[in-house]
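The values are calculated or read from the model by the stated rules, or taken from the named source; none is laboratory data. Predicted, not measured: the structure shown is a model, and the values here were computed from it. Because the Cβ atoms are built from the backbone with ideal geometry, glycine has one as well, and the counts that use them run over all protein chains shown. For accessibility, only protein heavy atoms count, side chains too; no ligands or nucleic acids. Shrake-Rupley method; radii C 1.70, N 1.55, O 1.52, S 1.80 Å.
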Amino acid sequence: MNQFLKRAKELESQLQADRRYLHQHAEAGENLPNTTKYVMERLREIGLNPIEICPSGVTALIEGAKPGKVLLLRADMDALPMPENNDLPFKTETDAAHNCGHDFHTAMLLCAAQMLYEHRNELCGSVKLMFQPAEETFAGSKKLIVAGILENPKVDAAVGMHVMLDSSKPALNYGLGYMTSSCDGFKITVHGNGCHGAMPELGIDPINVGLHIYSAFQNLIARETPSAERAILTFGAFNAGATPNIVPGEAVLMGTLRTYNKELREKLVSRMHEICEYEGKAFGATVDYEVLSDVPSTYSDPEMTKELAGYASEIEPGIIGRTDYMVTPSDDFAFISEHVPTTYFMIDAKVDGCPVQHHNPGVLFNEDALPYGAAVHATCAFNWLNKQGE
């Protein structure tokens, strides 16, 4: 057990208190006033001077006693706008719920911040903390980038972490290269011409057009995606009409495209636009394509990731799990990875007997992972910065 895991376990009651407060007072989206206030107060208690550089976007700098590089550590703070179904004594009291584990991320980074601040006199360079809103809507990271999170001082590299539910043992998993999928969310509105259901030839049926678009999109995966590549195209909504004997005037389809290959992503998105245009023309309808999200795949820099994983392996024997980890969900930490070398870790926090995964009202997360996540942040930051400063 290294010094940071030992210290994190000493701070475990505070870790749990932070996580449970955030869980019970969950806030979703871009506006997290109570969460932001709590995080900033905790950072001040540690001895730091946090700044809200954009609405609900918080940063603080831990300056080492010796000059060196700057490493960014990131945590997302937003919950999901959905209910929670459990008997936890700290069950959410709001209309949002931390069913993705962002309360864990925030608590772990607060603990890591305290430990790194305690060791600031031994530190070369600086650790910049990034607490962001709106990861679930893929808006928060970009807003902090625009607000200057990567500047003053200029960030040289970044680390992020997410709780996963593969094992109840707090194993640390990672991949080399692209490891979260991109996410291109879309809303397609087909404008037809409503008419009586007994005389469909007098109108333009938007449901029919929508079905052709749906089918053509599926063929992009079946016939235009190379077999060696991975791409997932999902429709989550198809809404049209309300009565059985009326052809409606409009149909709306919504979904997402996810992949890891940048070139394939560009090709498929271009083809999706073409399909909408030409299916509309084929049936005499007008089709609008609205972009709901355009998140790239998170790139975990191979050289940096292997180096940090080496430091993390010293936390406790057997802590490293999978080294080929990839996930199909997306994360707006990807925007950070487009600017600086980045490592993205996944740490297991499964509760044995809980059969559901993230974004489910009944999901549970194992608090045993909290000190391990904090120790990973602190260990990797401390060793990487001091290695760069040699």
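What the table shows:
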read-out: Long-range HN-HN contacts of Gly362 with modeled amide H, under 5 Å; value: Asn85
read-out: Charged-residue dipole, Cβ positions (Lys, Arg, Asp, Glu), the chain about Cα centre, Debye nearest 20; value: 640
read-out: Zone residues, segment 149-175, relative to Val351, backbone N less than 17 Å from point 7 Å out along Cα-to-Cβ; value: 163-170
read-out: Kyte-Doolittle at least -1.0, axis length at least 30 Å by Cα - qualifying DSSP helices, the chain; value: 262-283
read-out: Cα gyration tensor category, rounded, prolate or oblate, for segment 1-73 with a/c compared to 1.5; value: oblate
read-out: Listed candidates (1) 149; (2) 127; (3) 175 - label of the one calculated as volume of the Cα convex hull per residue in Å³; value: (1)
read-out: Solvent exposure of segment 151-246 as accessible area per residue, Å², 1.4 Å probe; value: 48
read-out: 5 angstrom amide H check on Ile246, placed H, neighbours 5+ away; value: Gly197
read-out: Along each principal axis, Cα extent of segment 83-189, largest first, Å; value: 48, 43, 31
read-out: Distance-filtered residues of segment 326-353 - backbone nitrogen under 16 Å, label point 7 angstrom along Lys142 Cα→Cβ; value: 330-339
read-out: Peptides ranked, highest mean first, by Cβ atoms within 10 Å: ranges 99-110, 147-158, 313-324; value: 99-110, 147-158, 313-324
read-out: Most mobile of Val376, Val159, Val356 in a GNM of the chain (Cα contacts under 10 Å); value: Val356
read-out: CD proxy at 222 nm, helix term only [per DSSP H run n ≥ 4: -39500 (n - 2.57); per residue of the chain; nearest 500]; value: -11000 deg cm²/dmol
read-out: Charge dipole (segment 142-230, unit charges on Cβ, about Cα centre) - positive-most of Leu172, Ala228, Asn152; value: Asn152
read-out: For segment 67-75, 3J(HN,Hα) per residue [Karplus equation, 6.51 cos²θ - 1.76 cosθ + 1.60, θ = phi - 60°, Hz, x = Gly/Pro]; value: x, x, 7, 10, 10, 8, 10, 10, 9
read-out: Distance between segment 120-136 and segment 178-257 - C-alpha centres, whole angstrom; value: 43
read-out: Peptides 7-16, 135-144 ordered by average Cβ neighbours within 10 Å, highest first; value: 135-144, 7-16
read-out: Residues of type aspartates and glutamates that Lys6 reaches as a straight line, Cα spacing below 15 Å, ignoring anything fewer than 8 places off in the same chain; value: Glu118, Glu314, Glu316, Asp368
read-out: Residue-by-residue Karplus 3J(HN,Hα) for segment 336-353, coefficients 6.51, -1.76, 1.60, Hz, glycine and proline x; value: 5, 5, 7, 9, 9, x, 9, 10, 10, 9, 10, 10, 6, 8, 6, 9, 4, x
read-out: Sulfur and carbon atoms: percent of accessible area, segment 269-353 [1.4 Å]; value: 49
read-out: Peptides 330-337, 364-371 ordered by average Cβ neighbours within 10 Å, highest first; value: 330-337, 364-371
read-out: Across Lys66/Lys262; Lys169/Lys387; Lys9/Lys306; Lys142/Lys281; Lys128/Lys267; Lys143/Lys267, pairs whose alpha-carbon gap is larger than 31 Å; value: Lys66/Lys262; Lys142/Lys281; Lys128/Lys267
